[in-house]
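Below is one structure; the comments refer to it alone.
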């Protein structure tokens, strides 16, 4: 089966000692595309270094909500410069997190707006993390509001992205009607091993509704290991478990899903290379 991993942090410390072996295993498992997102300046720089070594990897650069309060103007200057690099195909990982609150809420909002503005300026889709406390949806509602305020469901996004998805919702989590709002906005939605956890049951409804050209899967490696895989470190090839779940929920053969996943990845990220800059 053809596979993609639209979000794998192989630039994380847990892969520092054996990243070559890990990526070799990913290729042997059928992974054709792997996007390596940064979450701060240092990890964004490491993502670019990996792309230089492995031509089948792609990079994204940005500031995560957890790091929003720690990011300096020097960090932002670096991210803004790298965002215009042809090796970079997305902005992020960024977003909102009202669960762990490692950065104050107002700082997270300011950080998100800065990342969104950079995405519109470069024509590279933002990659969006969104988590609320269990049973809550405040972060999801706030994210939709911020996207609309920034023009991601209107002319600013059409100008920047054309007919490509204007943003990618990373590791979908939230109620089904939130998913419906994202689909109506034309965004790409990615599913991870999070779908197997208690409380994430709405993902099974949402995954059936996402148009195939905007459907992605990911690992969020080294995090969010799916069932039957080591919890200590998720690996890119474990995306096959989530892909199997997607195929089952959508009632499609694995081979057909694999072709669609590669096409959706290319349409979301790689088709924008000529416009970006």
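Stokes-Einstein diffusion for the chain at 20 °C, viscosity 1.002 mPa s, with a Kirkwood radius from C-alpha pairs, works out to 118 µm²/s.
Considering Cα pairs under 8 angstrom that are at least six residues apart, work out the relative contact order of the chain and quote it in whole percent.
Numbers: 585 pairs, mean separation 55.8, N = 277.
In percent, rounded to a whole number, it is 20.
Between residue 117 and residue 149, the modelled label-to-label distance comes to 1.3 nm, taking each label 7 Å out from Cα in the direction of the beta carbon. Counting other Cβ atoms within 10 Å as a rough exposure proxy, the listed residues 173, 149, 6, 225 run 149, 225, 173, 6 from fewest neighbours to most.
Full extension of the chain between residue 56 and residue 176 gives 39.8 nm of extra length, using 0.36 nm per residue less the Cα-Cα distance.
At an R0 of 30 angstrom, the distance between the Cβ atoms of residue 27 and residue 204 translates into a FRET efficiency of 0.50.
What value, in deg cm²/dmol to 500, does the helix sum -39500 (n - 2.57) over DSSP H runs of n ≥ 4 give at 222 nm once divided by the residues of the chain?
-12500 deg cm²/dmol
For the chain, a Gaussian network of Cα nodes joined below 10 Å ranks 72, 122, 107 by mean-square fluctuation, and the top entry is 72.
Read-outs throughout are calculated quantities, based only on the coordinates presented, and are distinct from any laboratory measurement. This one's a predicted model, so the numbers in the text were calculated from it and none came from an experiment. Don't worry about glycine lacking a Cβ; one is built from the backbone with ideal geometry, like all the others, and counts go over all protein chains shown.
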